[in-house]
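Q: Before anything else, here's the structure in question.
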Amino acid sequence: MYDYEDDDHRDVDHFVVIPEIAHKWVRLVSPHTRMLDYGLLEKYIEAMRAGEWSCDSKRIVFDHTGRITDGQHRLWAVVRSGVNTCFRVAWYKRPRV
């Protein structure tokens, strides 16, 4: 597993993610991520539908290969809620060695 905490090797931007994009991105989820927690997913869906989601909440993380390593629950919540949602999105250029 790679360590992606080194801020010198990433780009971070704020994006409004629409359900269609979220659906494309969930196909990029790394096979090493954990299984979906449906309780957590429902919690995120409710927050998004209620307008309680903060743009500074947890980010969506793409690793250096283009796979998503953090954010699958948030992306599935966008898909299932149908709500355009703001996220910080991080793209890592290379792993920290």
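Readers should treat all values here as calculations from the given coordinates under stated rules, not as data from a laboratory. In this text, all values refer to a predicted model and were calculated from it rather than measured experimentally. All Cβ positions, even for glycine, are placed from backbone atoms using ideal geometry, and neighbour counts span all protein chains on display.
Q: Starting with the highest mean, order 23-35, 51-63 by the number of other Cβ atoms within 10 Å, averaged over the residues of each peptide. Please report the intermediate quantities before stating the final value.
A: Numbers: 23-35: 12.6, 51-63: 15.2.
Packing order, densest peptide first, comes out as 51-63, 23-35.
Q: Could I ask something else about it? What number, in nm² with one decimal, is the all-direction average of the projected area of the convex hull of the alpha-carbon atoms of segment 7-92?
A: Working: hull surface 20.8 nm².
That works out to 5.2 nm², a quarter of the Cα hull's surface.
Q: Calculate how many DSSP beta bridges within the chain are antiparallel, expressed in % of all such bridges and rounded to the nearest 5. Write down the numbers at each step before the final one.
A: Values: 11 of 15 bridges.
Given both bridge residues lie in the chain, the antiparallel proportion sits at roughly 75 percent.
Q: Further question on the same structure: Which trypsin sites (Lys or Arg not before Pro) does segment 62-97 hold that lie in a coil by DSSP with at most 13 other beta carbons within 10 Å?
A: Numbers: sites: Arg67, Arg74, Arg80, Arg88, Lys93, Arg96; in loops: Arg67, Lys93.
Passing sites in segment 62-97 are Lys93.
Q: Net charge near Arg49: determine it from the other residues with C-beta under 12 Å of the C-beta of Arg49, scoring Lys and Arg +1 and Asp and Glu -1.
A: Values: positive: Lys43, Arg80; negative: Glu42, Glu46, Glu52.
With Lys, Arg at +1 and Asp, Glu at -1, the net is -1.
Q: For Cα pairs less than 8 Å apart in space and 6+ apart in sequence, what is the mean separation divided by the residue count of the chain, i.e. the relative contact order in percent?
A: Working: 175 pairs, mean separation 46.7, N = 97.
Reported relative contact order: 48 percent.
Q: Which far-off residues, 5 or more places away or on another chain, put their amide H under 5 Å from the one on Asp70, with H placed in the peptide plane?
A: Under 5 Å from the amide H of Asp70 lie the amide H atoms of Val61, each far enough along the sequence or on another chain.
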